[in-house]
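Below: the structure, in structure tokens.
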Amino acid sequence: MLSFKNSSILVILLLITVLVLDQSWWVHVAILMVYLSVLVWGSIRIDSQFYTRAICNGKDDKPQIAISFDDGPLPQYTSSILVTLAREKVPACFFCIGKNIKASPELTKEIVKQGHIIGNHSFSHDAMFDLYSASSMQSELEETNELIFNATGKSVRFFRPPYGVTNPNLASAIKKTGMTTIGWNIRSLDTVAKDENILLEKLLKQVRPGAIVLFHDTMAITDRLLPRFIAGVREKGVEIVPIDQLINENAYA
């Protein structure tokens, strides 16, 4: 499998080889440009496992999927989504941002009280998070874990990187905090979708056994389409199960 370590070793060996062979400068540049492209690809593709192990789907031997929500809790929509999930008796996993947990500890507690799994989605979800040092990233993960524990009594293990982007610094922070990285293989793009019916149709076409679906409990369109999505999944003969059951991993320490 292509990884940061083995690709870096390969590039070093190639550069040494072309240096020994006294190749033109453009050969060195070409190798470095390809290497840079691979690094970017590995960063934006969480399913590449390039920098760190990430679980992006479960086994496909049963007609089951899991649904997850990022970026909450946000009272405006998270509360309504919880009502829908309770009414439909559907479990979910909420990857919460630390600053939002701090602002809404009771809502965070309610997520767990209703039987849903809670995970870590960094403290700030800052646009520049990917440029943070490894120690700063680690501090964000630890602070969010502490906030979750204070609100719910749960020591979480599941972490989803902001924007799904990984890099060596984040890989180091994840390793030091002992967390398990959770990705997805169906991305709803509900943060940019405009037409509820088009989005719903697209999602239902992608549903397949073992899928992990990424939603955001901060979007009105998600709140509106969730009941129809659940109904559509059930019509396909697919069950929505807890994410820890789907991937056979412990959600809490």
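Here are the numbers for the structure shown:
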| read-out | value |
| --- | --- |
| Magnitude of the charge dipole, segment 93-176, Cβ model with Lys/Arg +1 and Asp/Glu -1, debye to 20 | 260 debye |
| Under 5 Å, built H, 5+ apart or other chain: amide partners of I118 | F94 |
| Ranked M179, M33, M128, criterion: other C-beta atoms within 10 Å, fewest first | M128, M33, M179 |
| Candidate lysines - alpha carbon under 29 Å from K5, same-chain residues fewer than 8 apart omitted | K59, K175, K176 |
| Gyration tensor (alpha-carbon) shape descriptor, the chain, a/c threshold 1.5 | prolate |
| Separation in nanometres of the label points that stand 7 Å from Cα toward Cβ, at K205 and N250 | 4.2 nm |
| FRET efficiency, D60 to E146 (Cβ-Cβ, R0 45 Å, nearest 0.05) | 0.80 |
| Cα centre as origin, Lys/Arg/Asp/Glu Cβ charges: segment 54-247 dipole, Debye | 420 debye |
| Signed unit charges on C-beta, dipole axis of segment 54-247, positive-most listed residue N145, S79, N185 | N185 |
| Distance between segment 1-77 and segment 176-253 - C-alpha centres, whole angstrom | 24 Å |
| Label-point separation, Q23 to K176 (7 Å along Cα→Cβ), nm | 3.7 nm |
| For L246, L214, L10, order by how many other beta-carbon atoms lie within 10 Å, fewest first | L10, L214, L246 |
| Calculated FRET efficiency for the pair N197/A30, C-beta based, R₀ 41 Å, to 0.05 | 0.30 |
| Whole-percent pair-distance distribution, where bins are 5 Å wide, for the alpha carbons of segment 4-44 | 5, 24, 30, 22, 12, 5, 1 |
| Theoretical FRET efficiency, 1/(1+(r/R0)^6), r = Cβ-Cβ of K236 and S7, R0 35 Å, to 0.05 | 0.35 |
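None of the figures in this text is laboratory data; all of them are computed from the coordinates on show. In this text, all values refer to a predicted model and were calculated from it rather than measured experimentally. For neighbour counting, all protein chains shown are included, and Cβ atoms are generated from backbone atoms with ideal geometry for every residue, glycine included.
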